[in-house]
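Scroll down for the structure; my scribbles are underneath it.
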Amino acid sequence: MKPWVLGLTGGIGSGKSAVVAEFAKLGVHWVDVDHVARWVVEPGKPALAAIAERFGEGVLTPDGVLDRAVMRELIFQDPAQRKWLEQLLHPLIRQETLANLALGESAYAIMVSPLLVESGQYRQVDRVLVVDVPEALQVQRAVSRDQTSEVQIRAILSAQASREERLRHADDVLVNDRDLAWLRQEVERLHNFYLTLRGGQE
């Protein structure tokens, strides 16, 4: 039987990776949409050929890999080009993600996406789990992890959905503001609860 899909999201520095790692230890199949977005433009994939054809070889590095910095610059300056790129990639990412989720042998599978709410991907899942932390802790964690300035982190935060908006879409909330032992306990509690659900619903 195909697993039902749990969408997992949270802002920068919320600890999504730590949460997913704990679910994985319990045998839950998961797919990160960010990883899929990278797979679909790998050398040899049709999407990369289409991008190079439209934007020219300048968007590729000498070894034929997509130069993300150049690409970002191009689409940042031109909304029409960004729209073209999104129309090319979004269906491919969606198709690849759903196909990969369906391979799971656990009762449910997890779709990890930092932009689950903003991108409308929450419509593709049966249930939404939001990893939430107070903003001050989010900033502190992200600054120490990414070695970037607080100003940059706050800029990223302002571009993401607000906490309120994410929480409005949540079926479940995991407040990740304590230690790993507590987090592990919370994930186990949620996991046991999820095993009782059919199609993600109570």
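The values are calculated or read from the model by the stated rules, or taken from the named source; none is laboratory data. It should be emphasised that the depicted structure is a prediction, and the values quoted were computed from it without experimental measurement. Reconstructed Cβ throughout: ideal geometry from the backbone, glycine too, with neighbour counts over all protein chains shown. SASA here: full protein model, heavy atoms, side chains in, ligands and nucleic acids out. Shrake-Rupley method; radii C 1.70, N 1.55, O 1.52, S 1.80 Å.
Couple of notes before you dig in:
Okay, residues lined up against (1) modelled with pLDDT under 95; (2) among the hydrophobic types (A, V, I, L, M, F, W, C):
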| site | (1), (2) |
| --- | --- |
| G7 | no, no |
| I12 | yes, yes |
| S17 | yes, no |
| V20 | no, yes |
| L26 | no, yes |
| H29 | no, no |
| D34 | yes, no |
| A37 | yes, yes |
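- Taking every residue in region 35-59 that is touching a residue at least 40 places away in the same chain (Cβ under 8 Å) and pairing it with any residue that is charged (D, E, K, R), at least 6 positions away or on another chain, the pairs with Cβ-Cβ distances below 7 Å are V36/E96; W39/E96; V40/E96.
- Test: residue in region 61-78 that is under 27 Å from R123 (Cβ atoms) and more than 22 Å from the chain's Cα centre (by Cα): no
- Test: residue in region 69-79 that is closer than 30 Å to T196 by Cα and of a type in the set (S, T, N, Q): no
- Filter result (under 30 Å from G10 (Cβ atoms) and of a type in the set (V, I, T)) within region 52-69: V65
- Restricting G27, G64, G13 to residues that are part of a loop (DSSP other than H, G, I, E, B), open to solvent by 30 Å² or more (accessible area, probe 1.4 Å), on the phi > 0 side of the Ramachandran plot and not aliphatic (A, V, I, L, M) narrows the list to G27.
- Filter result for R54 (farther than 30 Å from Y194 by Cα and open to solvent by 40 Å² or more (accessible area, probe 1.4 Å)): yes
- The set of residues in region 175-202 that are in a helix (DSSP H, G or I) and open to solvent by 60 Å² or more (accessible area, probe 1.4 Å) comprises L180, A181, R184, Q185, E188, R189, N192, F193.
- Looking across region 67-81 at every residue that is assigned to a helix (DSSP H, G or I) and over 22 Å from R94 (Cα atoms), the one that is most open to solvent (accessible area, probe 1.4 Å) is identified as F76.
- The set of residues in region 164-202 that are over 19 Å from the mean Cα position of the chain (by Cα), over 22 Å from K25 (Cβ atoms) and without any contact (Cβ under 8 Å) to a residue 40 or more places away in the chain contains only E202.
- Residues in region 30-46 that are in a helix (DSSP H, G or I) and crowded, with 19+ Cβ neighbours inside 10 Å: V33, V36.
- None of D126, D172 is at pLDDT 95 or above, open to solvent by 60 Å² or more (accessible area, probe 1.4 Å) and closer than 30 Å to P91 by Cβ except D126.
- Failed condition for V139, given (1) surrounded by fewer than 20 Cβ atoms within 10 Å (Cβ to Cβ); (2) touching a Leu at 6+ places or on another chain (Cβ under 8 Å); (3) at pLDDT 85 or above: (3)
- Failed criterion for K2 (all others in (1) touching an Asp or Glu at 6+ places or on another chain (Cβ under 8 Å); (2) open to solvent by 80 Å² or more (accessible area, probe 1.4 Å) hold): (1)
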